[in-house]
Structures are given as structure tokens and as C-alpha cells.
1. Given 4 °C and 1.567 mPa s, compute D for the range 133-177 with the Stokes-Einstein relation, Rh being the Kirkwood radius over Cα pairs; round to the nearest whole µm²/s.
2. Can you work out ³J(HN,Hα) from phi for every residue in the range 195-202, in order, using Karplus 6.51 cos²θ - 1.76 cosθ + 1.60 and θ = phi - 60°, giving whole Hz and x for Gly and Pro?
3. Roughly how many percent of the accessible protein surface of the chain is carbon and sulfur, given a 1.4 Å probe and a whole-percent answer?
4. Between Met218 and Arg179, what is 0.36 nm times their sequence separation minus the Cα-Cα distance? Round to one decimal in nm.
5. Treating the angle as unsigned and between 0 and 90°, give the value, to the nearest 10°, between the Cα long axis of helix 35-57 and the longest Cα principal axis of the chain.
6. Using alpha carbon coordinates only, what is the Rg to Rh ratio of the range 99-198, with Rh defined as the Kirkwood radius?
7. Taking only protein heavy atoms into account and a 1.4 Å probe, give the accessible area per residue of the range 105-229 in Å².
8. How would you order 139-145, 214-220 from highest to lowest mean count of nearby Cβ atoms within 10 Å?
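The values are calculated or read from the model by the stated rules, or taken from the named source; none is laboratory data. Being a predicted model, the structure only gives us computed values, none of them experimental. In this analysis, Cβ positions are derived from the backbone assuming ideal geometry, glycine residues included, and neighbour counts consider all displayed protein chains. Only protein heavy atoms, including side chains, enter the accessible area calculation; ligands, DNA and RNA are left aside. Shrake-Rupley method; radii C 1.70, N 1.55, O 1.52, S 1.80 Å.
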Amino acid sequence: MAQREEIGTGLLGPEARLDLLDGARLPTGRHGLPREVIVENQRARLMGAMVEVVSTHGFPIAVVERIASRAGVSRRTFYEQFSGREEAFHRTYDAEAGRLFDDAVRAAAGARDLAEAVGKGLGAVLGGLARDPAVAKLLIVEVLIVGPEALERRDAHMQRFAVLLEDAAITFLGAPLPRLTAEGLVGAIYDVIYKRVLAGETEDLEELRDDLLAFCLMQLRPSTDPGVG
């Protein structure tokens, strides 16, 4: 997959993120660059630094000074962008979780049957996490200890993935899912991914695709069969 270069939202692949953080900074003093370019660059570096610091040290140690230092900006610049480290985390989380959701939607688009739609959606999520272990740790593990608002955001993004399963069932099976079926599936998938990421096995996530697909289809097909139950 091509590296993302969406500086304004902080969506950078691991190599591009490190290039941004460790490469040349924008010139200081009188340089003629538009203010919006400077602001976007600073925001991208801070969000990239949030990913790197949290994945390396954990959120409790990701204090503002450490994030700003990794981004190569001042503490004052940090507070010009975010009200605090929680907001910086929330913004970074939303950007990266939204990217996974968008990738899953694009991957499943044009599928010919339920297995293809779910399989491609799962593949996009697992592949995206496997290719960027730092983001995987932030999205899957560290979000659990940030606070209530972070958990609400996590639940909202998980609900978006549940809707993908619900839409696939309606499209290919012609019937809606029973209540909580899709949410239960997403929760089970999250738990499997969580255990691998926590154990440092993120790079092996793509190997779970076939087993998770079989599990999903086993739950989806009977649940929409009027003869079951």
C-alpha cells in the first residue's frame, strides 16, 4: 500500500511519520511560508509524536514535554494546537481509527458476496494494524487507560465497524442482523487483536484473517436464516 501523505490529518505511515519527526524542520524566522502550512506541519508532528511516545512509553508517561520534544516544537506550540495531552490523544486516535474504517470500506466496496465483503474489510483492518505496530498499540491497547472520553470514542468507532457488518448482511443475505450480533462480533474481533498487540505479535495479525472470517460467517449466516432459532 502506498504511504499516506495527508499531513493535515496526521495520517502518515510508519516510515513517513519517522521521516517527518526526524527530518529537517521548517525554517525559523522570516521564511514567507503561509501560517496554515506551519500550523499543519506542527500538528502533524505532534500527532506523530503522540503515536511514537505512547507506543514506546505508554500513555501515563506521555507528558506534554515529552511529546513536544519528540515533535521538535515548544511546549507553547503544543498548547496552541491542543488543550492538553488528552485532546492530542483523542485527535490522533480519531484520525487513525477513521483511517482504518475508511480503508475497510474501500476494500469491501464492489464485493460480490458476503465472504468477500467481510474478508476484504477484515484484511484491510488487520493489514493496516500489522504494518504500523505503533498505531496498533495506541488504537488497541493504550486507549483503554486514557479515560472515559477515549473509551467513548473507541466505542463509537467500533460501532462504525458493526454497521459495516450489518450493511453487508442486508446487502448479501437480504435480512438485518439480530440486535447486538454485529456488536458482539466486533467486540470478539477486538479482543483477539488486543491479545496479539499486547503480546507484541502485531506483525502477525494478518495471519488471523481466515480464522476470523470463518468465525464471522458462522455467526452471520445462521443469524439471518429464518429457519434458525
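1. Result for D is 108 µm²/s.
2. Couplings: 4, 5, 5, 4, 7, x, 10, 4 Hz.
3. C and S fraction of accessible area: 53 percent.
4. 12.4 nm
5. For helix 35-57, the angle is close to 70 degrees.
6. Reported Rg/Rh (Cα atoms, Kirkwood Rh): 0.98.
7. For the range 105-229, the per-residue accessible area is 52 Å².
8. Packing order, densest peptide first, comes out as 139-145, 214-220.
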